Amino acid sequence: MAHFEKVLKDPVHDEIVVADPWLWGLINTRAMQRLRRIRQLGTSYFTFHGAEHSRFTHSLGAYETMRRVLAYLGQDHNWPKDERERKLALAAALLHDIGHGPFSHTFESVYTERHEYWTTRILMEDSEIHSLLDQQDECFAQDLVDIFARKGRFPYVQQLISSQLDVDRMDYLLRDALHTGVNYGRFELGRLIRSITLAGGQVLLKLDGIHTAEQYILARYFMYTQVYLHPITIGSDLLVAQVLHRAEELWRMGKILESPRELPVLWELGSKMKIEDYLSLDESTLIYAFHLWSHCEDPVLKDLASRFLERRLYTPVVQNEPTSEEWAELRTAAALAGYHPDYYVLGRRMEVAGYVYQGEGIPVLLPRGGISELSRESRLVRSLIPDSEYRVFLPKDLLEDPGLAGQRVRTILKLS
């Protein structure tokens, strides 16, 4: 067989190497190419103007990180022991985000099904993807689904895809830090990879890799506090959600609403829509819809869509969560000023997990073979405690309204 190699230039890893025509085929499927039209950080580009990178570039980066991890573990631990498991690991890294919808997690908050659900359906139902996976064997697609569902049949691959020490986080922290222009999201990837070891079905951290892991954990902590949960980004995410809620509400009321074909299909069928229709949904679809709706007859939808397109976002106000009486007063004041309270008076509690994420820590291999946990070995990691902050989101023009409604809002929020 002729030698095959594709080398892609990358701002994070310098080069992404694809030495398998089968993997190159997966990269060039319709479902993977769709990820070019879905931003990695959703609406964060309203806050950090450089955050225009896509789920596609991150997926390639996760694949390259996995390729380097496998190269190291192959030398250090003779794993993976067979070519099939190596391909499972690389394909899982490449395809792990293939089910994301437009504006990613905001889309999930509106339409309930998480991207893992759509990933499973794409792997099993999209003929182009499934036929390529079947080239390995008829169980390959289901094995990928089981890895994403954390069934435990391929423990090392599963942990390298989804854990506190996985290739997904390793790439997105570095990539998101680069494109948002911040320095505190960076860490030494090569050293972190060399700090990984395997034992008893667990992906572990070597004891001498503690300081490298601390750098990685701090990078993640600051990226969450300063980038992922930035109040402007949360406000723009909420605005997207409100636009979609209002459009669907009007459609269910029987109002004639000019929309891209895929959205009425989504509203009618939800998670039962055909996978080819779901794959037609990307951010260009929604942006086009927002342009249409910015000229519609409904004043609420018209205003919400226009606010998004013109970056007139909700203003965040940090304070204690309002009481039920204060919420009622805020809604009344908003209605008095001409704002539909269901769409213009919002609140969110933002929580930073500190170190432990989804109940999992990072296991550490001790010199005599025992297993500890990172927070037991690192005082710095132990010092990272969970934090939360409540924010009320309102239109800036309501907060600055010189009339009685604006004065009442500012009084309730203790701004005057």
Fewest-first sequence of Asp97, Asp82 by Cβ atoms within 10 Å of each Cβ: Asp82, Asp97
Environment charge of Pro322, counting only residues whose C-beta is closer than 15 Å and scoring Lys/Arg +1, Asp/Glu -1: +2
Cut-off under 5 Å, modelled amide H: who pairs with Ser54 long-range: Gln40
Extension gain, His77 back to Ser127 (0.36 nm per residue minus Cα-Cα distance, nm): 14.4 nm
Karplus-derived 3J(HN,Hα), 6.51/-1.76/1.60, for each residue of the range 290-302, Hz, glycine and proline x: 4, 4, 4, 6, 5, 10, 7, 7, 6, x, 5, 5, 4
Cα-projected label distance for Trp251 with Asp14, points at 7 Å along beta-carbon direction, nm: 4.8
Residue-count net charge about Ile38 - beta-carbon cut-off 9 Å; Lys, Arg +1, Asp, Glu -1: +2
q = 0.08 Å⁻¹: log10 I(q)/I(0) that the Debye formula gives for the chain, counting C-alpha atoms only: -0.50
Debye log10 I(q)/I(0) for the range 234-390, one point scatterer per Cα, at q = 0.12, 0.19 Å⁻¹: -0.74, -1.16
Phi to ³J(HN,Hα) by Karplus 6.51 cos²θ - 1.76 cosθ + 1.60 over the range 128-141, Hz, x for Gly, Pro: 5, 5, 5, 5, 5, 5, 5, 5, 6, 5, 6, 9, 5, 4
Peptides ranked, highest mean first, by Cβ atoms within 10 Å: ranges 236-243, 378-385, 211-218: 236-243, 211-218, 378-385
Rounded to the nearest 20 debye, dipole of the range 315-416 from Cβ charges on Lys, Arg, Asp, Glu: 340
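Every number in this text was worked out from the coordinates using simple rules, so none of it is lab data. Every value quoted in this text rests on a predicted model; they were computed, and no experiment measured them. Glycine also receives a Cβ, built like all others from the backbone with ideal geometry; neighbour counts cover every protein chain displayed.
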